[in-house]
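S.K.: Would you mind keeping the following structure in view while I ask a few things?
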Amino acid sequence: MIPVVIETLVVGIPPSPSVVVLRPVDEHTISTRVLPIWIGPTEAASIGIALEGQPRMRPMTHDFLANIINALHASIQRVVIDRVEGSTFFATVTLDQRGESIAIDARPSDSIALAVRTQCPLFVDEDVLNSSSFPYLFSNATSRENELEEFKTFLESISPEDFQTQ
């Protein structure tokens, strides 16, 4: 199992898809791969609300489920995106209830929404990561700033004569 964090979340307005992008934080794979998972807009909105920590007057579905788990004297130990079939991902939510471990099959989107609310660890099975991830191509702000500075220096160093043909 590889620990992951949410790299980004894109909430699409139907019919556009929503996607959650997970990034490994294992010392061997940090910033080298990302795993995009297409999810429903409702689940994407729920994850976004939890990520932003927006207070709600009434519990949303994932808040309600977290409250039920807590009321049953259980806690979420971890969420694992543990397999993929075609473009469909599967997850397992593992609960601890008074020392007993309970594994529950779930959709990744619901699992991630619960993980964000309960601050439980989020993992991806190594085989799933290897078969379904993509190279991490996003540059960070520092490299963008460096690129802009280099381009600015280049622009300052050129003159109209540089473009004359001989």
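Please treat every number below as a calculation from the coordinates, not as lab data. Everything quoted here is computed from the prediction, not taken from an experiment. Please note: Cβ atoms are built from the backbone with ideal geometry, for glycine as well, and neighbour counts cover all protein chains shown.
S.K.: Suppose we keep only residues that are among the small types (Gly, Ala, Ser) and out of contact with any strand residue (DSSP E or B) (no Cβ under 7 Å at 6 or more places or on another chain) within region 32-59. Which one would you say is farthest from Ser132 (Cα to Cα)?
M.R.: Gly53
S.K.: Suppose we keep only residues that are among the hydrophobic types (A, V, I, L, M, F, W, C) and in contact with a Pro (Cβ under 8 Å, 6 or more places away or on another chain) within region 101-138. Which one would you say is surrounded by the most Cβ atoms within 10 Å (Cβ to Cβ)? Steps first, please.
M.R.: Step one: list which residues in region 101-138 are among the hydrophobic types (A, V, I, L, M, F, W, C), which gives 102-104, 106, 112-116, 120, 122-124, 128-129, 134, 137-138.
The next check asks that each one be in contact with a Pro (Cβ under 8 Å, 6 or more places away or on another chain); those that pass are 115, 122-124, 129, 134.
On the way: Ala115: 25, Leu122: 24, Phe123: 24, Val124: 29, Leu129: 22, Phe134: 10.
Out of the qualifying residues, it is Val124.
S.K.: I'd like to verify a number: residues in region 59-72 that are assigned to a helix (DSSP H, G or I) and exposed (fewer than 12 other Cβ atoms within 10 Å of the Cβ), how many?
M.R.: Count: 3.
S.K.: Only one residue in Ser75, Ser46 is in a helix (DSSP H, G or I) and not β-branched (Val, Ile, Thr), so which one is that?
M.R.: Of the residues listed, the single one that is in a helix (DSSP H, G or I) and not β-branched (Val, Ile, Thr) is Ser46.
S.K.: Glu7: under 24 Å from Asp105 (Cβ atoms), surrounded by 15 or more Cβ atoms within 10 Å (Cβ to Cβ) and either out of contact with any Ser or Thr (no Cβ under 8 Å at 6 or more places or on another chain) or of a type in the set (Asp, Glu) (or both), yes or no?
M.R.: no
S.K.: Those residues that are among the charged types (D, E, K, R) and under 23 Å from the mean Cα position of the chain (by Cα), I need them from region 65-116; list them, please.
M.R.: Of everything in region 65-116, those that are among the charged types (D, E, K, R) and under 23 Å from the mean Cα position of the chain (by Cα) turn out to be Arg78, Asp82, Arg83, Glu85, Asp105, Arg107, Asp110.
S.K.: Examine region 44-65 for a residue that is β-branched (Val, Ile, Thr) and within 18 Å of Gly12 (Cβ to Cβ), and state whether such a residue exists.
M.R.: Checked against the condition, which is being β-branched (Val, Ile, Thr) and within 18 Å of Gly12 (Cβ to Cβ), region 44-65 yields at least one hit.
Okay, residues lined up against (1) of a type in the set (Ser, Thr, Tyr); (2) touching a helix residue (DSSP H, G or I) at 6+ places or on another chain (Cβ under 8 Å); (3) touching a residue at least 12 places away in the same chain (Cβ under 8 Å); (4) closer than 16 Å to Val5 by Cβ:
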site	(1), (2), (3), (4)
Thr61	yes, yes, yes, no
Val84	no, yes, yes, no
Thr88	yes, no, no, no
Val93	no, yes, yes, no
Gly99	no, no, no, no
Asp105	no, no, yes, no
Val116	no, yes, yes, yes
Gln119	no, no, no, yes
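S.K.: Restricting to region 80-100, what's the tally of residues that are surrounded by fewer than 20 Cβ atoms within 10 Å (Cβ to Cβ) and closer than 13 Å to Ile69 by Cα?
M.R.: Of the residues in region 80-100, 5 are surrounded by fewer than 20 Cβ atoms within 10 Å (Cβ to Cβ) and closer than 13 Å to Ile69 by Cα.
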